[in-house]
1. Answer yes if at least one residue in segment 118-127 is at pLDDT 95 or above, in a helix (DSSP H, G or I) and surrounded by 16 or more Cβ atoms within 10 Å (Cβ to Cβ), and no otherwise.
2. Looking at (1) small (G, A, S); (2) surrounded by 16 or more Cβ atoms within 10 Å (Cβ to Cβ); (3) modelled with pLDDT of 90 or more, which is the only condition A91 fails?
3. Condition first: more than 11 Å from the chain's Cα centre (by Cα) and aliphatic (A, V, I, L, M). Now tell me which residues in segment 71-110 satisfy that.
4. Scan segment 62-78 and tell me whether some residue there is among the hydroxyl-bearing types (S, T, Y), part of a loop (DSSP other than H, G, I, E, B) and more than 19 Å from V118 (Cβ to Cβ).
5. Just checking, does segment 37-47 include any residue being more than 14 Å from the chain's Cα centre (by Cα), within 18 Å of R95 (Cα to Cα) and either assigned to a loop (DSSP other than H, G, I, E, B) or of a type in the set (V, I, T) (or both)?
6. Name the residue that is modelled with the highest pLDDT, counting only residues in segment 24-36 that are closer than 18 Å to A66 by Cα and either assigned to a helix (DSSP H, G or I) or hydroxyl-bearing (S, T, Y) (or both).
7. In segment 1-11, how many are at pLDDT below 90, more than 14 Å from the chain's Cα centre (by Cα) and either assigned to a helix (DSSP H, G or I) or not hydrophobic (A, V, I, L, M, F, W, C) (or both)?
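The values are calculated or read from the model by the stated rules, or taken from the named source; none is laboratory data. Every value quoted in this text rests on a predicted model; they were computed, and no experiment measured them. Every residue, glycine as well, gets a Cβ built from its backbone with ideal geometry; the counts of neighbours run over all protein chains shown.
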Amino acid sequence: MRRSRILIADDHIQLAELCQTFPYDEFEVVGIVSDGCDLIYAALELNADVIVVDISTPALNGFDAAREVKKRLPTVKVIFLHMRDDAEIVAEAFRRGASGYLLKTCAASEVVTAIRSVLQGDTYLSPTLSKAGCGG
């Protein structure tokens, strides 16, 4: 069975470390980049199924980088990560083509749940955000 290909874009080591806990029989982390410009190049080169991207990436923010990737690879699923649970930011993420939105404080198990959900064609919004009224 083919493993789903995951690309990570975050300038903090914590997310890269979190990726080490992903189920290896199900997911293949094909790349980890630290800024939005590198995300665009890596996405085009690595053919990921899902991109998990921090909104606040350096060089080019995650919103703009993901928008560029979605233009070129419309079927790729994008899950945005951010520190804030601001309803406007969440709404903007979904306007820009997000399949999911997570807080950076979430557990590794929630990242895996979100990836599984978007791969099945669903959208994912952290339950913490849903309770706070940040619907997408």
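1. For segment 118-127, residues at pLDDT 95 or above, in a helix (DSSP H, G or I) and surrounded by 16 or more Cβ atoms within 10 Å (Cβ to Cβ): present.
2. Of (1) small (G, A, S); (2) surrounded by 16 or more Cβ atoms within 10 Å (Cβ to Cβ); (3) modelled with pLDDT of 90 or more, only one is false for A91: (2).
3. Of everything in segment 71-110, those that are more than 11 Å from the chain's Cα centre (by Cα) and aliphatic (A, V, I, L, M) turn out to be L73, M83, A87, I89, V90, A91, A107, A108.
4. If we filter segment 62-78 for residues that are among the hydroxyl-bearing types (S, T, Y), which is where we start, we get 75.
So of that shortlist, the ones also part of a loop (DSSP other than H, G, I, E, B) come out as 75.
Remaining after also requiring more than 19 Å from V118 (Cβ to Cβ): none.
No.
5. No - not one qualifying residue is present in segment 37-47.
6. First pass over segment 24-36, keeping only residues closer than 18 Å to A66 by Cα: 29-36.
Going one step further and asking which of them are either assigned to a helix (DSSP H, G or I) or hydroxyl-bearing (S, T, Y) (or both), we end up with 34, 36.
Details: S34: 89, G36: 92.
Per the stated criteria, the residue is G36.
7. Step one: of segment 1-11, the residues at pLDDT below 90 are 1-2, 10-11.
Of the ones still in play, those that are also more than 14 Å from the chain's Cα centre (by Cα) are 1-2.
This time we only want the ones that are either assigned to a helix (DSSP H, G or I) or not hydrophobic (A, V, I, L, M, F, W, C) (or both), so: 2.
Residues meeting the conditions: 1.
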